[in-house]
Each structure stands twice: as structure tokens, then as C-alpha cells.
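Participant: Got a structure for you, written out below as C-alpha cells; questions coming shortly.
The values are calculated or read from the model by the stated rules, or taken from the named source; none is laboratory data. The structure presented is a predicted model; accordingly, all values stated were derived computationally and were not measured. Neighbour counts run over all protein chains shown; Cβ positions are idealised from the backbone, glycine included.
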Amino acid sequence: MMDLAHSLSATGRRLNESVIRRMGSVIPTQGNLVSFAHGFPDSRLFPWSELGEITAGLLSGVDSTTLQYGEMRGYKPLIESILTILAARGITASYEEVIITCGAQQGVDLAARLLVDPGDVVLMELPTYPGAIASFVSLQATIAGVEQDDDGISLEDLETVWRRQQANGRPVKLLYLVPNFQNPSGRLLSLEKRKYLVDWAERHSTVIIEDDPYGSLYFEGSATGEETRPICADGRECVIYLGSFSKMLAPGLRIGWMLAPAPIVRRLEAAKMAADLNSGMLSQRIVDAAIRRGVIGRLAPTLRDVYRRKRDAMEQTLRHELGHLLRWSTPKGGFFLWVTLPSGCTDRSLLGRAIEQRVIFVTGSAFYVDGGGHNKIRLSFSAPSHSQIRRGITRLAAALAAELRHSV
Ligand SMILES: Cc1ncc(COP(=O)(O)O)c(C=O)c1O
């Protein structure tokens, strides 16, 4: 019998389970497990009844285009609605500059396809979002890591890494950044650095891919909307901006968008055609109706409040149970707590013990392109309830105690 594994391309061979594991999607099938692994929104917060009403109206059959193929660029009224969202974020854009994607993840992938040839140098933060690592790895990019400071990417290290690549005759093609409440570190890039990066990208002819699924999830009292101002608002020429409705509405709809200069968007349309022709019309129309009826606008303050309280609950329990052993900084928004382990304890070994205690997280090393991060773990506070958060941290404390006993 033919073994298809022998027919795999170089890219196909690179795409194995470890890529999925990076995303935290390999879950042991155990009941009563508390997951801090998945960066999922809390499904209790989806606006079920409003989405139900909208969907029922759309499926009434009055407008047959709802279930048809659509334009590759996306459903025009949705793009127009997105232009108003962009305007509220300080970005004046036109219809020709936006394309609808299947989530921000497809945005990363399409941008990478357009810009990256095998061997091209892509700069990513240490740590960074594994879904983007997967896209760049699959295109055989050469990935170089850049350190972070408390206020986002280190400008000193950026310059050092850039110079090193230049000196080796490998010009840097692009820089991938998650400026707002980064996945996994939760860090918020300072406004000064945002301004500097626009100038840096122009000087070095480097494209910035700005991936911003968490920008609206700033927590009152910790950060403001102004502090999440997109880099793109001050540098349209050198930035490809990615947005998403996954965190502010529902990820199951799989709707996001890209903003780029019009000639780039025309090429992205061709890449989108090759990938999936167009994003689902029903989902696009649901999202558009949800924006126009004010559903997303009304929901946003609740999301900020609920996730802020979950962050507080996780931090409080961590401080109480493990404050003497673990270190972390308080994230000012988003979904994640990025935790440093005590010496003598590594992420993978701790995960093994945590699974025995029925709690899971993502190992820190999954977020590093340079083999680092073994003294880190990412805890997502977004999906579990307050009681699950407390139970999960108590289990984590038991796992850590066992790990430390063993490593002595
Ligand atoms: C930084 C980042 N980019 C992109 C995504 C993918 O989002 P979407 O559901 O919009 O594809 C995620 C999801 O967790 C993320 O954290």
C-alpha cells in the first residue's frame, strides 16, 4: 500500500503535531480537568440571544445571497462597518485597503505568503504567538528572536539583531508584533516605542505585521483605550494591520480583517482566492448585523470588566498559594498571565505533574523561537470560571510542590 508520508513536501514534513502542541490544542482526555491552556474567550459571554435573532432573520430566505459565494475581498457592508471601527482607533482608511479574513490567523498567513520567500528573515518577539510561528515556519522563513522589556519589544535588541542579520548578508524582511496585551506575555507596548517603530520600519525598509486581537480588551484602572492606539495609526505605509472579532464577539464565526495599502490588498485577494475563495457569507453578515445593531459596542465594557475580575481572581489565588515561588507582572488587559517558575523547575516537567493533578497550561518554551522559555508558563484566565480558577491554582500548587520535592 502507498504510504503518503513518503510524498510529503519539505513544508509538509515541518507541519507535525508539535506545531499543534504549540497552540496548546493537544488536551489529555480527562474529565474534571481545569484548563489554563486555551486562550479561549468565555463562551458564557457570547451574545447568544442577539446572535440567534440575527441568524434567524438572515436565514429567513428573503435574501438568497446570504448563503451564496461572496466577493473575495469580503461582504461590502461589513468592510464599511470595519472602517468605522478603524476610525474609532484613529485610522482613516478606505474600502480598497481592507480585506476580510478567516480570523487574524489567516491574516498572518496571507501576509506571510505575500512577503516571505524561503530563507527570508522574519523578526519575532521572545516570546511570541505560536500560530504566527507556525505560519512563518511553514513558509521556511529564517526566524530571529528579539528580547522584550516590560513595555514591549526591546529597541536595543531589535537594533542588535537587525545589524547581525545585515552583517550576515540577510536583510530583514519583516517584524511581527502583538502590541496590545501580547500573547503570551500580556505586555503592552508603550506609545513611545510605537512611534519609534514606525520610524525604524521606514528607515530599514522593513514591514511590520501588527496583530491586534486584544486591543479592545484593556482593563479599566490598568490601561486606557488611548494606550492601545495601533502602530498603524501613525505609519500606514509600512504596517499591515490585523484585527479580529474572535475575542470581542465569538471565535466560531472565524471573522477577522486586514488593513494594508490598496495594491497589497489586491494581491492579498489573489492569495485569499487560492486559500478559500472568500470567508463565509453567513458569518460575515452576522458580524455586520452585530456591529450595526450595537451588540459589540454594548458588550465591550462587560468583557473588559469580566476579564479584569478573572485576572484579579487568578492573581489573588496565585499570591496566596504560590506567591513565594512564582513571579509575574500584572497584565493590563487581554487573557494571559505569564509566569516565571522557580529555579530547578522546568515547564515540561511541571506540565507532566500538572496533568496528574488535572490542571493544564501552555509550556513557556512553546512561545520561543530560540529554544528558550523553559522557566516560563502561560496561564489563561479568560475561559475558566472563578471557582475553576481557584481550584486550578490549588492543583498547580500541588503539582509544583511535587516537582520541587522531586528536583531536590
Ligand atoms: C496574537 C494572536 N493572533 C491571532 C490569533 C488568532 O485569532 P483569530 O481567532 O482571529 O484567528 C490569536 C488567538 O489566540 C492570537 O492570540
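Participant: Identify all residues within the stretch 126-157 that are over 20 Å from ARG13 (Cβ atoms) and either β-branched (Val, Ile, Thr) or in contact with a Leu (Cβ under 7 Å, 6 or more places away or on another chain) (or both); write none if there are none.
Facilitator: THR128, ALA144, GLY145, VAL146, GLU147, GLN148, ASP151, GLY152, ILE153
Participant: Here's another thing I want to ask about it. Out of the residues in the stretch 221-247 that are assigned to a strand (DSSP E or B) and β-branched (Val, Ile, Thr), state the one that is farthest from the ligand (Cβ to nearest atom).
Facilitator: Looking at residues that are assigned to a strand (DSSP E or B) and β-branched (Val, Ile, Thr), I get VAL239.
Participant: Also, I was wondering about something else. Go through the stretch 183-215 and count every residue that is under 19 Å from GLU237 (Cβ atoms) and more than 13 Å from the ligand (Cβ to nearest atom).
Facilitator: Selection size over the stretch 183-215: 16.
Participant: Separate question: Please go through (1) modelled with pLDDT of 95 or more; (2) out of contact with any helix residue (DSSP H, G or I) (no Cβ under 7 Å at 6 or more places or on another chain) for HIS386 and return the number of the only condition it doesn't satisfy.
Facilitator: Against the list (1) modelled with pLDDT of 95 or more; (2) out of contact with any helix residue (DSSP H, G or I) (no Cβ under 7 Å at 6 or more places or on another chain), HIS386 comes up short only on (2).
Participant: Report whether or not PHE181 is surrounded by 23 or more Cβ atoms within 10 Å (Cβ to Cβ), at positive phi and under 18 Å from the mean Cα position of the chain (by Cα).
Facilitator: yes
Participant: If I ask for residues that are more than 20 Å from THR363 (Cα to Cα) and within 15 Å of the ligand (Cβ to nearest atom), which ones from the stretch 137-152 would you list?
Facilitator: Matches in the stretch 137-152: GLY152 only.
Participant: Could you look through the stretch 101-125, keep only residues that are within 11 Å of the ligand (Cβ to nearest atom) and outside any strand (DSSP E or B), and pick out the one that is nearest to GLY74 (Cα to Cα)?
Facilitator: This residue is CYS102.
Participant: I've got another one for you. Pairs needed: first member in the stretch 97-112, at negative phi and acidic (Asp, Glu); second member anywhere, buried (at least 24 other Cβ atoms within 10 Å of the Cβ) and outside any helix (DSSP H, G or I); C-beta distance under 8 Å; at least 6 residues apart or different chains.
Facilitator: Pairs that qualify, where the first residue is at negative phi and acidic (Asp, Glu) and the partner is buried (at least 24 other Cβ atoms within 10 Å of the Cβ) and outside any helix (DSSP H, G or I), are GLU97/LEU259; GLU97/ALA260.
Participant: Next question. Taking the stretch 245-267 on its own, how many of its residues are more than 17 Å from ARG73 (Cβ to Cβ) and surrounded by fewer than 19 Cβ atoms within 10 Å (Cβ to Cβ)?
Facilitator: 1
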